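This report concerns only the one structure given below.
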Amino acid sequence: MGVAHSPDLPYNNGNLKNPEQVVTRWKKPDHKAETEEDNVENLIYLDNAATSWPKPDSVYDYMVDFYRKTGVNPGRSGFDKAIEAGNLLEDLRARLTKFFGGDTDTPERLCFSYNATDSLNLILQGLLASGDHVITTNVEHNSVIRPVNHLVRDNGVEVTYVPFNDQGFVEPDDIKAAIKPNTRLVIVNHASNVIGTVQPVAEIGAICQEKGVTFAIDASQTAGVVPIDMKAMNVDVLAFTGHKSLLGSTGIGGLCVRKHLDIRHSRSGGTGVRSAFPYHLDEYPFRMEYGTPNIVGIASLWAGQDWIEANGNIDRILSHEMKLARKLVDGLKNIDGVTTYCCESLDNHLATVCINVDDLEAGDVGIMLDVDFNIATRTGLHCAPLVHKQLGLVGIHGGVRFSIGPFNTEEHMTASIDAIAEIAERAKKMKNSSRRATAKQ
C-alpha cells in the first residue's frame, strides 16, 4: 500500500524523516499488505471536507449516461443535442438559485465556474479596486486569503482580518467595528474547513445591509448540508463548489449573484453568443462565464440535487452527520493525550473535527491512521493557515481533521476512536521508552 502525503506535512519542508521511515517506525508487527481492491472496499473515508466520496451511485450513473448521450457543447449550436445539453444547464441555474434562496426571477445570475476558488477570485477581483477596504476573517481558506493578499500587495487594497472567539465563531460586532468609510466588501467563510464552526452569517449580513457594504460568503463547506437563504441572510453573492456536499464531480462550481449587485468581469473570451461583439459581454450569465462549460459537471450537480431531495433534504443529511460527529467527539475527548479544537459544543457546527495527539506530529498520526487502520483523514494546515495560527498549531504543523459525510456510519466512528486511542497509547510508550533510555545514559 503506497503512502500518500500532503504538501502541508512537515517532511516536505525537510523537518521530518522520510515518510516511509515513519511508516516503518509505527507499523504494527502483524501489519499485512492488502490488495488495492480490499483497501478501497474497507477504507474508512473521513476526508469529506476535501471532497465527498464516494458519490451516490445515481450521480455516477447519470453523469456517464448523460455524457455518452448528450455530451456536446451546450448552447453553441442549434441541433437537438446541443439544445438538450443547454436546457439542462439552464434548468440547473434555476434549480440552484432556488436552492440557495437567490433571486428566482433572475436565474441567469447563477453562473458556473471551475470551483469555489475560481468563483471567489471572480468575486474579489470584480468588486475590489485600489483604495477599497475589504474585511475578512481568520477562518478563511487560502481561496480567499491569497487573492486578498495579492490585491493588497499588487492593487492597493486594504484588508482587515477579524479573529474568531474561543469557540471558533466570528463575532458580528467585531465585523461591525472593522467597517470604515472605504469598506467595499465583507467576505466570510460560511463554515470553517478546519474546525467546522458555522459562522453567524445572517447577523453579519444584517450589519452589512445596514452599513451599505456588499456581503459575500464562501459556501464551499456548507452548500448541500446547511440550509442557505441568501435573501433572508442578506447575502449579496455566494461562491460554491460542486464536489463536496452538493455531491457533484470535481471541476464544477459557481457563484450566485443577487440582482442588485454587479461584478466587473475580470476575464474575457468565448460565450457562444454575439460572437461579432469585440468585447466580453456584460449581461449575465456571460458576464461571469468564459468558454465551454463543464457539461458533465453540470450533469453531476443535477444528479446530486436529485439525491439530496430523495434522501430527506439537507436537514436529514446534516442530522445524520452531526449524530456521528457527537459520537466521535465524545469518544476522542475521553482519550488521555488527545486535544480537540472548538468543539466543546456542536451547536452551529459541521461534522468536521480537528485534533492532535500529544508528542506526535499530525502527519505521523495521519500516516498511522492510513497504514495501520485504513482510515483516511487530512493532516497539516488544511489550506487555512490563519485558523492554525490563531490556535497556536503552526509550530506543530497543524492538526488531524476528521470530516464526516453522508455515507459514514457509527462503526466508522468507533473504529476511529479505537485507532486514536491505540495511537495515543503508542505515543506514551514511545515517550516513556525514550525517557528510560535517556536516564541510563
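Nothing in this text is a laboratory measurement; each read-out follows from the coordinates by a stated rule. It should be emphasised that the depicted structure is a prediction, and the values quoted were computed from it without experimental measurement. Counting neighbours? That spans all protein chains shown, and the Cβs are built from the backbone with ideal geometry, glycine included.
Observations on the structure shown:
- Long pairs among Lys211/Lys259; Lys180/Lys231; Lys55/Lys81; Lys176/Lys231; Lys55/Lys231, criterion Cα-Cα beyond 22 Å: Lys180/Lys231; Lys55/Lys81; Lys55/Lys231
- Dimensionless Rg over Rh [segment 57-310; C-alpha; Kirkwood]: 0.98
- Each of the peptides 361-374, 314-327 was scored by the mean count of other Cβ atoms within 10 Å over its residues; in descending order, highest first, they stand as 361-374, 314-327.
- Ellipticity estimate at 222 nm from DSSP helix runs (n ≥ 4, -39,500 (n - 2.57)) divided over the chain, nearest 500: -13500 deg cm²/dmol
- DSSP-defined beta bridges in segment 57-310 - what % are antiparallel, rounded to 5: 40
- For segment 113-264, the spread of Cα positions along each principal axis, largest first, Å: 40, 33, 29
- Placing dummy labels 7 Å off each Cα toward the beta-carbon, the span from Thr339 to Asp174 is 1.9 nm.
- Peptide ranges 275-283, 346-354 listed from the most packed, as the mean C-beta count within 10 angstrom indicates: 346-354, 275-283
- Each of His150, His141, His265 has some number of other Cβ atoms within 10 Å of its Cβ, and from fewest to most they run His150, His265, His141.
- Peptide packing for 268-274, 398-404 was compared via the average number of neighbouring C-beta atoms within 10 Å per residue; ordered from the highest value, the list is 398-404, 268-274.
- Simple spin-label estimate for Gln167 and Glu422 in nanometres, 7 Å along Cα-Cβ: 3.7
- Extension gain from Val152 to Ser319, taking 0.36 nm per residue of separation minus the Cα-Cα distance: 56.1 nm
- Inter-part distance where segment 100-172 and segment 329-399 are each reduced to a Cα centre, Å: 26
- Bridge orientation summary for the chain: considering DSSP beta bridges with both residues in this region, about 50 percent are antiparallel.
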